[in-house]
1. Scan the range 119-159 residue by residue and report those that are farther than 24 Å from Ile64 by Cα and among the β-branched types (Val, Ile, Thr).
2. Quick one: which residue in Ala108, Ala134 is farther than 20 Å from Val39 by Cβ and of a type outside the set (Asp, Glu)?
3. From Thr28, Thr5, grab the single residue that is open to solvent by 50 Å² or more (accessible area, probe 1.4 Å), more than 22 Å from Val118 (Cβ to Cβ) and either touching a residue at least 12 places away in the same chain (Cβ under 8 Å) or among the β-branched types (Val, Ile, Thr) (or both).
4. Hey, among Ala78, Ala73, Ala106, Ala38, which residue is under 28 Å from Thr174 (Cα atoms), of a type in the set (A, V, I, L, M, F, W, C), at pLDDT 95 or above and open to solvent by 50 Å² or more (accessible area, probe 1.4 Å)?
5. Sort out which residues of the range 1-45 are within 19 Å of Asp56 (Cβ to Cβ) and among the acidic types (Asp, Glu), and write them in order of number.
6. Could you list all residues from the range 147-174 that are in a loop (DSSP other than H, G, I, E, B) and either within 16 Å of Val84 (Cα to Cα) or open to solvent by 20 Å² or more (accessible area, probe 1.4 Å) (or both)?
7. Tell me yes or no: at least one residue of the range 175-182 is farther than 30 Å from Gly36 by Cα and open to solvent by less than 30 Å² (accessible area, probe 1.4 Å).
Amino acid sequence: GVAATLDQLDRVGLGHVGTARSAAEAATPDLLSADGVAVAHLDYTYGTNGIPVPVDRPWLVNLIDVPRILADARAAKAAGAEIVIVEMHWGNEYQSLPTDEQRAQAAALLDSPDVDLVIGQHVRAAQAAERRGAEHVIYGTGNLLSNQGAPETPVPSNDGVIVKVTFQEQGDGTWAQSVSYTPTWVDRTSYVVRLATPSSNPASYQRTVAALNGL
């Protein structure tokens, strides 16, 4: 399944991180060029829905292990990355506030000089953002496009958020960050992703703003 998916992504020209077809592929940092700046994107998950990772192929999927993530971030910087973004599949579903474990993991990552930004997924609802020093963690960006929501699942499962992080290089070589975000929602009558504004969908907009500002 991993190999078939990655083969298809390669076929259509989409990049991918977090899974690999070989140990060599897993060990190779994926560097992107953003306006001439080398950026590494790393990705990890808390688990695999009860499906065990084969012991002879641990490189199939990146599981969350903070020391391993920090080692990968160091390797990415050594390979030339100027900015390292870590994406985490973590947290308790439908909760707008991060767990203590999420906050502890984010703190450990952002305390490293090799990690510059942490972005979270998985909980199917927008979660808080937090600033740690000059860096940020966005604990969860909700659902972009989904078939979730009332009555089967909580209403906030229709909410998502597009986060924009701008990096500005400083004279001493460090990077200043600024964060902005655009709330979205899934129109389940047509399955179109729409912007959530105080006039177009005030309830969704207010939920997302409250979640992002929850800390």
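1. Scanning the range 119-159 gives Thr153, Val155.
2. The unique qualifying residue is Ala108.
3. After applying the criteria, what remains is Thr5.
4. Ala78
5. Glu25
6. Of everything in the range 147-174, those that are in a loop (DSSP other than H, G, I, E, B) and either within 16 Å of Val84 (Cα to Cα) or open to solvent by 20 Å² or more (accessible area, probe 1.4 Å) (or both) turn out to be Asn147, Gln148, Ala150, Pro151, Glu152, Thr153, Pro154, Gln170, Gly171, Asp172, Gly173, Thr174.
7. No, the range 175-182 has no match at all.
For every residue, the table says whether it meets (1) within 18 Å of the chain's Cα centre (by Cα); (2) over 30 Å from Asp111 (Cβ atoms); (3) among the acidic types (Asp, Glu); (4) modelled with pLDDT under 95.
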| site | (1), (2), (3), (4) |
| --- | --- |
| Ala129 | yes, no, no, no |
| Tyr181 | yes, no, no, no |
| Arg188 | no, yes, no, yes |
| Ala203 | no, yes, no, no |
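The values are calculated or read from the model by the stated rules, or taken from the named source; none is laboratory data. These numbers were taken from a predicted model, which means no experiment stands behind them. Here Cβ is always computed from backbone atoms with ideal geometry, including for glycine, and neighbour counts include all displayed protein chains. Ligands, DNA and RNA are stripped out before the accessible areas are found, and what is left, the full protein with its side chains, is counted by its heavy atoms. Shrake-Rupley method; radii C 1.70, N 1.55, O 1.52, S 1.80 Å.
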